[in-house]
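The values are calculated or read from the model by the stated rules, or taken from the named source; none is laboratory data. Computed from a prediction, not measured in an experiment: that's the story for all the values here. Here Cβ is always computed from backbone atoms with ideal geometry, including for glycine, and neighbour counts include all displayed protein chains. To get the accessible areas, we keep the full protein, side chains included, count just its heavy atoms, and leave off ligands, DNA and RNA. Shrake-Rupley method; radii C 1.70, N 1.55, O 1.52, S 1.80 Å.
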Amino acid sequence: MERSSPTAPVGDRHWRDGARLAVGWALVFYAMFLLVDWDGGSLTLLRALLWGVLSATVLAVLLPPQVSAGPGWLAVRTPRRRLVVRTDALTSVRQYDGISSHLVLRDVHGHRLELDPRILTANPLLWHELDTGVRRSLERGTLRHGTEVLERLGHRIDDETVHAVFRASGLS
């Protein structure tokens, strides 16, 4: 009997760049205010600690969520917590547009997570894992709301992938 190895989880391939950028801005913020305080002659240990706390806050705000997926699950990790939904047991998918578009996924276990759809667009492997789980949810009859949202997103991802292939091959 042949044993199959579990599929390794996939993650957002652009997360490291976003995290590096967030760390860079937090360090720039810290250095800038230390220099201004030092130049003004008001730099003390307490003020340096205060600027460090504020820089850590800037980092927490700018740090992008880390998205990963595997067979039947999707997870979003933020500096404060990790949220996981079962993609093979979804009950609803909603998309909210506005200043910041986001998807809200809910599963039969009551778990909920929010996700920027641009992360799925930029990471076809994440989209594939979500799409596979959605198909299982549809087969099981648990997904009652949101299939049209996922179809639109799937078409948009497919269109962008085709354009990327054309650009890479020099056809556009």
Those residues of segment 93-122 which are crowded, with 17+ Cβ neighbours inside 10 Å and closer than 16 Å to residue 140 by Cα, in sequence order:
93, 106, 107
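Considering only residues that are under 19 Å from residue 18 (Cα atoms) and part of a strand (DSSP E or B), look in segment 57-80 and name the one that is farthest from the chain's Cα centre (by Cα).
Among residues in segment 57-80 that are under 19 Å from residue 18 (Cα atoms) and part of a strand (DSSP E or B), the one farthest from the chain's Cα centre (by Cα) is 69.
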Only one of (1) closer than 24 Å to residue 9 by Cα; (2) under 20 Å from the mean Cα position of the chain (by Cα); (3) part of a helix (DSSP H, G or I) is not met by residue 149, so which one is it?
(1)
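Hey, among 130, 54, 126, 83, which residue is open to solvent by 20 Å² or more (accessible area, probe 1.4 Å) and part of a helix (DSSP H, G or I)? Working first, answer last.
Values: 130 fails: open to solvent by 20 Å² or more (accessible area, probe 1.4 Å); 126 fails: open to solvent by 20 Å² or more (accessible area, probe 1.4 Å); 83 fails: part of a helix (DSSP H, G or I).
When all the criteria are applied, what remains is 54.
Every residue, every condition in (1) open to solvent by 70 Å² or more (accessible area, probe 1.4 Å); (2) closer than 20 Å to residue 105 by Cα; (3) of a type in the set (D, E, K, R), yes or no:
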| site | (1), (2), (3) |
| --- | --- |
| 27 | yes, no, no |
| 34 | no, no, no |
| 49 | yes, no, no |
| 62 | yes, no, no |
| 73 | no, yes, no |
| 87 | no, yes, no |
Per the list (1) touching a Lys or Arg at 6+ places or on another chain (Cβ under 7 Å); (2) assigned to a helix (DSSP H, G or I); (3) over 30 Å from residue 23 (Cβ atoms), residue check on residue 121 breaks on (3)
